[in-house]
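Enquirer: Please see the structure below; I have some questions.
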Amino acid sequence: MTRLRIGIDCRYVRIGRHDGISRFTAGVAAHLPDRHDHVLLVSDERQLESLPAGMPWELVPAPTDAGEPLVARHVNRLGLDAVFSPMQTMGSRGRRYALVLTLHDLIYYRNRTPPREFSWPLRLGWRAFHLAWWPQRFLLNGADGVVTVSETTAGLIAEHRLTDRPVTVAYNAADPAEPRDTDAPRQKSLVYMGSFMPYKNVETLAAALPLLGPDWTLHCMSRVSDADRARLSGLAPAGAVVFHDGASDEEYRAVLRSATALATASYDEGFGIPLVESMGVGTPVVVSDIPIFREIGGEVAEYFDPSSPSAVAAAVRRLEARWEAASQASVAQAARFRWQDSAEQVVRAVERAVADREARHR
């Protein structure tokens with residue numbers, strides 16, 4: 001294939017601290033193969049601080065702008081052969097380039113509570129969007145190809161017949177980090193990294209602490225509201241739930257490296273980057289028994305019924321009995337998820353989209 005000029009939609013990169021989609025974008029952008037020319041599309045120059053230095057970039061209206069359905073009018077002027085977006089909502093009408101969109105998960109069809117940080121008009125639109133499948137089909141079929149971050153979600157896309165476009169799996173991953181010292185003391189602690197939305201089910205983790213015995217703690221790393229803090233604290237012995245309220249990456253890794261395990265009791269997930277982060281430093285994971293976690297954790301993780309605090313406690317005890325072996329195996333399991341491989345799959349999806357588009361327009 002001839003050398004292409006590919007736009008990478010970086011307008012979802014958060015300023016300050018990554019969320020999942022922001023981290024996926026930055027991870028892919030930093031590891032793009034060099035057989036094509038890439039242009040970063042940003043809506044705020046501050047986003048460039050989290051993106052590879054020295055790459056060409058262009059300013060494009062924000063994805064929350066009212067004109068997003070017609071954003072192709074702006075992108076057409078850039079002379080790109082193709083665009084990859086880490087979301088499925090990029091406008092496609094009137095485009096003169098191949099387009100690959102990303103669908104991360106279908107969580108909000110089963111858990112329709114929108115992210116709390118959204119304004120009320122966006123929250124209403126979010127709910128309305130997830131009441132039926134046809135809006136998703138409309139968006140995905142407006143592209144030339146679709147990327148998703150797991151085989152689990154790829155299977156759901158096929159099950160619900162969400163697109164007739166080719167679907168490519170480009171896994172989420174985690175930035176490499178120094179493994180823990182396996183000879184250092186191990187704390188009686190569990191680590192939770194994530195939000196406190198209802199489907200995350202952090203309550204079950206807190207309720208498992210009394211069953212594990214004295215001195216066990218649960219470290220919650222993300223920002224937390226007063227209401228969530230009070231509710232979770234009331235489920236465990238005094239001081240057993242430790243709130244870091246938005247830990248830095250350095251603090252997060254330090255807590256991970258001394259913990260017994262990372263724990264997640266989610267009823268649903270699109271991926272689970274914290275699992276890869278934890279396994280990558282040699283800290284095993286105890287997680288709810290759902291398909292996506294089976295895909296990430298394989299035979300290395302310990303699994304439990306997310307509705308049962310006693311099942312969480314039992315999984316932790318099973319892990320303790322094989323901790324050293326689980327720690328070593330976790331590092332090898334995490335190595336399956338690399339940004340280099342993900343970026344390669346994204347570019348292959350773009351190359352196929354360009355070829356398919358050219359074939360249709362002959």
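The values are calculated or read from the model by the stated rules, or taken from the named source; none is laboratory data. Quantities reported herein were computed from a predicted structural model and do not represent experimental measurements. All Cβ positions, even for glycine, are placed from backbone atoms using ideal geometry, and neighbour counts span all protein chains on display. The accessibility values were calculated without ligands, DNA or RNA, using every heavy atom of the protein model including side chains. Shrake-Rupley method; radii C 1.70, N 1.55, O 1.52, S 1.80 Å.
Enquirer: In nm, what is the difference between 0.36 nm times the number of residues separating residue 341 and residue 59 and their Cα-Cα distance?
Expert: Details: separation 282, 0.36 × 282 = 101.52 nm, distance 2.77 nm.
Full-extension gain reported as 98.8 nm.
Enquirer: Report the charge-dipole magnitude of the chain in Debye, nearest 20, computed about the Cα centre from +1 at each Lys and Arg Cβ and -1 at each Asp and Glu Cβ.
Expert: Details: 41 positive and 44 negative charges, 222 e Å.
The calculated dipole for the chain is roughly 1060 debye.
Enquirer: Could you report the accessible area of residue 92 in Å², rounded to 10, computed with a 1.4 Å probe on the protein chains as they sit in the structure?
Expert: My reading of the accessible area for residue 92 is about 40 Å².
Enquirer: Which helices of the chain meet both criteria: a Cα extent of 20 Å or more along the helical axis and a mean Kyte-Doolittle score no lower than -1.0, with helices taken as whole DSSP H segments? Write out the running numbers ahead of the final one.
Expert: Values: long enough: 339-360 (31 Å, -0.84).
Helices meeting the criterion: 339-360.
Enquirer: Separate question: Can you tally the net charge around residue 338? Count Lys and Arg as +1, Asp and Glu as -1, for every other residue whose Cβ sits under 11 Å from the Cβ of residue 338.
Expert: Details: positive: 336; negative: 175, 341, 344.
Net charge in that neighbourhood comes out at -2.
Enquirer: Share of Cα-Cα pairs in segment 1-97 beyond 22 Å, in percent? Don't skip to the end; give the middle numbers.
Expert: Numbers: 1062 of 4656 pairs.
Counting every Cα pair in segment 1-97, those more than 22 Å apart make up 23 percent.
Enquirer: Which FRET efficiency, nearest 0.05, do residue 124 and residue 299 yield, Cβ-Cβ r, R0 56 Å? Before the final figure, lay out each step's value.
Expert: Numbers: r = 44 Å, r/R0 = 0.78.
So, using R0 = 56 Å, E works out to roughly 0.80.
Enquirer: Roughly how many Å is it from the Cα centre of segment 3-19 to that of segment 154-187, as a whole number?
Expert: Between the Cα centre of segment 3-19 and that of segment 154-187, the gap is 19 Å.
Enquirer: Next question, about the same structure. Taking R0 as 30 Å, what's the FRET efficiency between residue 325 and residue 211 from their Cβ-Cβ distance, rounded to 0.05?
Expert: Values: r = 24 Å, r/R0 = 0.81.
Here the calculated transfer efficiency is 0.80.
Enquirer: Right, next: At a probe radius of 1.4 Å, what is the per-residue accessible area of residue 160, in Å² to the nearest 10?
Expert: Accessible surface of residue 160 is approximately 50 Å².
Enquirer: Can you give me the Cα centroid spacing of segment 313-354 and segment 212-288 in angstrom?
Expert: Computed from Cα coordinates, the inter-centre distance equals 19 Å.
Enquirer: Modelling each spin label as a point 7 Å along the Cα-to-Cβ direction, I'd like the residue 356/residue 35 distance in nm, to one decimal.
Expert: Simple spin-label model gives 1.8 nm for this pair.
Enquirer: Sorted by average packing, counted as other Cβ atoms within 10 angstrom per residue and highest first, what order do 133-146, 264-277 take?
Expert: Numbers: 133-146: 18.5, 264-277: 24.0.
So the peptides 133-146, 264-277, ranked by packing, come out 264-277, 133-146.
Enquirer: Starting from the residue with the highest accessible area, list 344, 250 in decreasing order, probe 1.4 Å.
Expert: Working: 344 40, 250 130 Å².
Final ranking, largest accessible area leading: 250, 344.
Enquirer: While we're here: At 0.36 nm per residue, and after removing the present C-alpha to C-alpha distance, how many nm does the segment from residue 14 to residue 317 gain when stretched out fully?
Expert: Numbers: separation 303, 0.36 × 303 = 109.08 nm, distance 3.81 nm.
So the extension gain works out to 105.3 nm.
Enquirer: Would you mind getting the accessible area per residue of segment 257-352, heavy atoms of the protein chains only, 1.4 Å probe, in Å²?
Expert: Numbers: 3270 Å² over 96 residues.
Ligands and nucleic acids excluded, the figure is 34 Å² per residue.
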